[in-house]
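Novice: Take this structure first; my questions come after.
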Amino acid sequence: MKTFNPDAMGEKLLRRFAGGTSRRGILSRLGLALVAAPAFPLLPVSRASAAKPDRSPEAKTTFARNAQSTDDTKCTYWRYCAIDGSLCSCCGGGLNRCPPGAEHSPVSWVGTCINPDDGRAYLIAYRDCCGKAYCNKCDCDGTDRETQLYVPQLNNDVIWCFGTTSMEYHCSTAVLVGTA
Amino acid sequence: MNSRARLAAAAALLGLLSFGTLRAGEPDNHSPEIPAAVRGMMADPELAQSDFVEQCAGCHGVRGSTVPAHLPEIKDRVGWFMCTPESRAYLLRLPNVAHSRLTDNAQLADLMNYVVFVLGGKSAPAGTKPFTAEEVAHERQFALTSGSLQAERLRLANEAIRKCRAPASLRLQYLGSPQ
């Protein structure tokens, strides 16, 4: 009668393992890993993080380096990086609000400004308030990302009073419409 | 919940409420929610949305409508132009699409799928396939440069009305528009 024999069992197990594996196999696998490793930074995850826009102080525009986030009646307020005209905040309106008697234009152009508080870029719509004489207070002209007049959708000299009852320009608002 | 957290919650609620009343009478400044059913049509729905706001929303509005400005309204209507291969190509051949500052065709395809399937609501005919990068790359070579865009739009709108039962108002820039 056969008794329990751990020695024979161990031997059998080891022999089966040795028969099914190759000692040189580990070399080929190690070699494969060494060759494959440099290919991983090409995968999309790594590329996506590398493509993030550079918002270090050196990469910022002069406007963004000097921008503040406390006083929206000054040209240096961060959302005004591409505004051209009177600030509605100085004319009886606000950042998002037209002064009484003036009408919001439904169309505008959209600029990209960096908020100094979190260093992130936001999309700002410069909606004009129309239908009243020019306010002519707090005249500002930020030009970040602005282009020539032949690309009108990125030009801040255009008076954006379209779709309003009057095309007379009064002042400009700076409405936050999204993150860049 | 401690008293500070409760105070913060109350302040947030108050802010939200007063924000709502302040916004009355102003244009809608908020992008629409992207429905879960159409997220799969874009590789990066959030990027498509911010690209739209940056490149297109100034004139077309963050929700695709700036009525009464004299512009073709996108909201709940643009999808009808997916009716025929020709009108589908027209959307990609429009000058500001074909000559877009977005040079990456896959990124532009995402933007246009956002326009058609998110802003266009349910206007795209059932079973419409989303735009692909290859399709965008091909069609943007044939940007509409000469001829009347309004006449071309009208011709394709009439076709969508005939073939896909689009509403007759598709001929107009927007409902109630003088032209």
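Each value in this text was obtained by applying a stated rule to the coordinates, not by laboratory testing. These numbers come from a predicted model, not from an experiment. No Cβ is skipped: glycine too gets one built from the backbone with ideal geometry, and neighbour counts run over all protein chains shown.
Novice: Quick one: net charge of A:Gln68's neighbours, Cβ under 10 Å, K/R +1, D/E -1? List each step's numbers first, then the result.
Specialist: Numbers: positive: A:Lys74; negative: A:Asp71, A:Asp72, A:Asp117.
Spelling it out: positives minus negatives among the neighbours equals -2.
Novice: Another question, if that's okay. Where does each of A:Asp7, B:Asp28 land when they are ranked from fewest to most other beta-carbon atoms within 10 angstrom? Can you show the working numbers first?
Specialist: Values: A:Asp7 7, B:Asp28 13.
Ranking A:Asp7, B:Asp28 by Cβ neighbours within 10 Å, fewest first, gives A:Asp7, B:Asp28.
Novice: Other chains' Cβ within 10 Å of B:50-61 residues: what's the mean?
Specialist: On the way: counts 8, 2, 1, 7, 10, 3, 2, 8, 14, 10, 2, 6.
Taking the mean over all residues of the peptide, I get 6.
Novice: Here is a follow-up. Averaged over its residues, how many other protein chain Cβ atoms are within 10 Å of peptide A:104-110's Cβ atoms?
Specialist: Across A:104-110, the average partner-chain Cβ count within 10 Å equals 6.
Novice: Sum -39500 (n - 2.57) across every DSSP H segment of at least 4 residues in chain A, then divide by the residue count to get the 222 nm mean residue ellipticity, nearest 500. Don't jump to the answer; show the numbers that get you there.
Specialist: On the way: 4 runs with 39 residues, N = 180.
Mean residue ellipticity, 222 nm, calculated: -6500 deg cm²/dmol.
Novice: Please order B:Asp110, A:Asp72 by the number of other Cβ within 10 Å, starting at the fewest. Show your work: numbers first, answer last.
Specialist: Details: B:Asp110 26, A:Asp72 18.
In increasing order of surrounding Cβ atoms, one gets A:Asp72, B:Asp110.
Novice: Taking only Cα atoms and a 10 Å spring cutoff, compute GNM fluctuations for chain A and point out the largest among A:Ala36, A:Ala133, A:Ala67.
Specialist: Evaluated over chain A, the most mobile residue of the options is A:Ala36.
Novice: Going through the cross-link list A:Lys60/B:Lys75; B:Lys75/B:Lys163; A:Lys132/B:Lys75, which pairs have a Cα-Cα distance over 25 Å in this structure? Mind showing how you got there, number by number?
Specialist: Values: A:Lys60/B:Lys75 36 Å; B:Lys75/B:Lys163 21 Å; A:Lys132/B:Lys75 30 Å.
Among A:Lys60/B:Lys75; B:Lys75/B:Lys163; A:Lys132/B:Lys75, the Cα-Cα distance tops 25 Å for A:Lys60/B:Lys75; A:Lys132/B:Lys75.
Novice: For chain A, take the longest principal axis of its alpha carbons; what is the angle in degrees between that and the long axis of helix A:25-36, to the nearest 10 within 0 to 90?
Specialist: 10 degrees
Novice: Still on this model: What are the aspartates and glutamates whose alpha-carbon lies under 12 Å from the alpha-carbon of A:Lys74, with same-chain residues fewer than 8 places away excluded?
Specialist: Within the straight-line cut-off, A:Lys74 pairs with A:Asp139, A:Asp141.
Novice: Sort B:Lys75, B:Lys163 so the one with the fewest other Cβ atoms within 10 Å of its own Cβ comes first.
Specialist: Details: B:Lys75 18, B:Lys163 12.
In order of increasing Cβ crowding within 10 Å: B:Lys163, B:Lys75.
Novice: Something else: Which one of A:Ser105, A:Ser22, A:Ser86 has the biggest mean-square fluctuation once chain A is modelled by GNM with Cα springs under 10 Å?
Specialist: A:Ser22
Novice: Tell me, how many Å apart are the Cα centres for region B:73-119 and for region A:110-158?
Specialist: 26 Å
Novice: Less than 16 Å apart at the alpha-carbon level, and either on another chain or at least 8 residues along: which aspartates and glutamates does that give for B:Lys122?
Specialist: Within reach: B:Glu33, B:Glu73, B:Asp76.
Novice: Round to the nearest 10 and give me the degree value, 0 to 90, for the angle of helix A:6-20's Cα axis relative to the longest principal axis of chain A.
Specialist: Helix A:6-20 sits roughly 60 degrees off the main axis of chain A.
Novice: Here's something else I'd like to know. So, in Å, what gap is there between the alpha-carbon centers of region A:1-37 and region B:129-179?
Specialist: Here the answer is 68 Å between Cα centres.
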